[in-house]
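In what follows, a structure is listed as structure tokens, so that the remarks can point back to it.
The values are calculated or read from the model by the stated rules, or taken from the named source; none is laboratory data. Note that the coordinates shown come from a computational prediction; the quantities given were computed from them, not determined experimentally. Here Cβ is always computed from backbone atoms with ideal geometry, including for glycine, and neighbour counts include all displayed protein chains. Remember, those area values only see protein heavy atoms, side chains included, never the ligands or the DNA or RNA. Shrake-Rupley method; radii C 1.70, N 1.55, O 1.52, S 1.80 Å.
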Amino acid sequence: PDIDWDSLSFGIENCAPVSRWWLEKKKEEGREKEKRTRSRDVERRENPEKEAHLSSLFSFLLFPLSTTSLLLQFMYRARWSSADQGYQGSVVPYAPLQLDPSAQVLNYGQSVFEGMKAQRSAKDNIVLFRPDRNAARCAAGAARLSMPAVPEEQFVKAVKETVKANAAWVPPRGKGSLYLRPLLMGTGPILGLGPAPYYDFVVFGAAVGAYFKGGQLTPIDLVVEEQFHRAAPRGMGGTKAAGNYSPVLVTQLAAKKAGFADVVYLDAKHDKFLEEVSSCNIFVVRGKRISTPPLSGSILPGVTRASVIELARSKGYDVREEPVDVTAAMEEADEVFTTGTAVVVSPVGSLTFRGNKKQYGEKGKPTPVALELYEALTGLQQEAIEDPYGWVVPVA
Ligand code: COI
């Protein structure tokens, strides 16, 4: 497709260039169809059998793809109806899902999702990053929400097949990536509170650029959220459940209105330790010591989080998974940064707590440790530097 890769950001607006291309393609197809219809009128009169065959082919080719919701051209879809059969599915054209109003997911939110990226590498491969980790987290989330897990091998194969079918949507190296969204949900109908009788596993995605406004390495301004908590001890904050993400919107939208990029949550028990940002994990740097909240159950076990911990240790940093007091982050930290599949490694320019603002590094410039780890991570993810861990997985 003729896509302006320079205009990619992260969000539905990213779909604009793709949608424009798709709309043009559809218009062209419409004109083609008109031409064919005219010639078929002639053919129909002359050869009714051939006409019947052609029209059945044609109806397949015009399988309705929504232009308003278009992300990728194809998605993977599998359904689980019984333990014997497991998840049965394949790559299909991107299309809306048809759900019963009594679908479990619509009523009781039985759903987990994943975030992954396919990238064009320096070796000109299309590669994934630690897809086994996403498969494992998805399976853990499925268990937490009483859903049958997608086996790891099937999960990874589904993601690879989705990428292969949509290879034209993987941006050129350095322009962005193909963000993939595996989604597992109880789609079967049920009215009393209970697990769904059947489940759908879907993988769709979109070409994306930087997550936060301003570009990948532009430091973001965060505010500490004081009214709401994100997750409770022994709750499900550590699960990538759909239900963990909409409650953050009320605070996120208010923060954005006040000029912040996002909020940082405090822990629900002591109300003083940093937890995570709405969509990513958080790290605090003091000299060579890097701290990040431990996986106590309320923190999302980020794949980027785990990778950055390992990379930072390999570079000689003393990385500790330990509670990080918000006042220590305000008073003692040299740097703060966030990690996530969508955000990658994002430097934090400032943290605001109870009206006080702490600035990190030089205004507008990425802080050094965040930059070093961003380069180490993305270099490895894009096969520009050696991957000693076996994290990078080619799609083909
Ligand atoms: C990701 O980083 O992939 C996520 O799933 C976060 C999402 C809220 C955009």
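Starting from the amide H of residue 348, placed 1.01 Å from N in the peptide plane, find each other amide H under 5 Å away whose residue is 5 or more places distant or on another chain.
Close amide H contacts, sequence-distant or interchain: 220, 336, 337, 338.
Within 9 Å, Cβ to Cβ, of residue 180, how many net charges do the neighbouring residues add up to if Lys/Arg are +1 and Asp/Glu are -1?
+1
Percent relative contact order of region 132-223, based on C-alpha pairs within less than 8 angstrom and at least six residues apart?
That works out to 23 percent.
I'd like the Karplus ³J(HN,Hα) series for region 177-192: coefficients 6.51, -1.76, 1.60, θ = phi - 60°, whole numbers in Hz, and an x wherever there's a Gly or Pro.
8, 9, 7, 10, 10, x, 9, 10, 8, x, 8, x, x, 7, 9, x
If you average the sequence gap of Cα pairs under 8 Å that are 6 or more apart and divide by the length of the chain, what percent do you get for the contact order?
In percent, rounded to a whole number, it is 17.
Please identify every one of the trypsin sites (Lys or Arg not before Pro) in region 221-299 that sits in a loop by DSSP and has no more than 11 other beta carbons within 10 Å of its own beta carbon.
Of the trypsin sites (Lys or Arg not before Pro), the ones in loops of region 221-299 whose Cβ has at most 11 other Cβ atoms within 10 Å are 234.
Relative to the Cα centre, what is the charge dipole magnitude of the chain, using +1 at the beta carbon of each Lys and Arg, -1 at the beta carbon of each Asp and Glu, and rounding to the nearest 20 debye?
For the chain, the charge dipole is close to 540 debye.
Below 25 Å, Cα to Cα, which lysines can residue 33 reach? Residues fewer than 8 away in the same chain don't count.
25, 50
By the gyration tensor of its Cα atoms, with a ≥ b ≥ c the square roots of the eigenvalues, what is the shape of the chain: rounded for a/c under 1.5, prolate for a/b over b/c, or oblate?
Since a/c reaches 1.5 and a/b is larger than b/c, the shape of the chain is classed as prolate.
Would you mind calculating the relative contact order of region 177-266 from Cα pairs under 8 angstrom and at least 6 residues apart, reporting the percent as a whole number?
Dividing the mean separation by the residue count of region 177-266 yields 26 percent.
What number comes out for accessible area per residue over the chain if the probe is 1.4 Å? Units Å², please.
I get 47 Å² per residue for this part.
Of all the accessible heavy-atom surface of the chain, with the other protein chains kept in place and a 1.4 Å probe, what percent is carbon and sulfur?
53
Counting DSSP beta bridges with both partners in the chain, what percentage is antiparallel, nearest 5?
80
Quick one: Cα centre-to-centre distance for region 195-229 and region 276-337, in angstrom?
With region 195-229 and region 276-337 each reduced to a Cα centre, they are spaced 19 Å.
Using a 7 Å offset from the Cα along the Cα-to-Cβ direction at both residue 359 and residue 375, what is the distance between the two label points in nm, to one decimal?
2.4
Let a ≥ b ≥ c be the square roots of the eigenvalues of the Cα gyration tensor of region 80-232; is it rounded (a/c under 1.5), or, if not, prolate (a/b larger than b/c) or oblate?
Taking the square roots of the gyration eigenvalues as a ≥ b ≥ c, region 80-232 is oblate.
What residue among 245, 223, 192 has its Cα farthest toward the positive end of the dipole of the chain, where the charges are +1 on Lys, Arg and -1 on Asp, Glu, each on the Cβ?
192
For residue 99 and residue 270, compute 0.36 nm times the residue count separating them, minus their Cα-Cα distance, and round to one decimal in nm.
57.4 nm is the gain from fully extending residue 99 to residue 270.
Report the calculated FRET efficiency for residue 157 and residue 288 (r = Cβ-Cβ distance, R0 = 35 Å), to the nearest 0.05.
Efficiency for this residue pair is about 0.25.
Could you tell me whether region 172-251 comes out rounded, prolate or oblate from its Cα gyration tensor? Rule is a ≥ b ≥ c as square roots of the eigenvalues, rounded for a/c under 1.5, then prolate if a/b exceeds b/c, otherwise oblate.
oblate
For the chain, what is the calculated [θ] at 222 nm in deg cm²/dmol (nearest 500), taking -39500 (n - 2.57) for each run of four or more DSSP H residues and dividing by its residue count?
Result for the chain: -9500 deg cm²/dmol, rounded to the nearest 500.
Give me the number: length gained by fully extending residue 90 to residue 36, i.e. 0.36 nm times residue separation minus the C-alpha to C-alpha distance, one decimal in nm.
Full extension from residue 90 to residue 36 adds 16.4 nm.
Between region 87-138 and region 339-382, what is the separation of their alpha carbon centroids in Å?
28
Students often get this wrong, so check it: of 117/257; 213/365; 213/256; 123/175; 269/358; 315/363, which have C-alpha atoms separated by over 18 Å?
Among 117/257; 213/365; 213/256; 123/175; 269/358; 315/363, the Cα-Cα distance tops 18 Å for 117/257; 269/358; 315/363.
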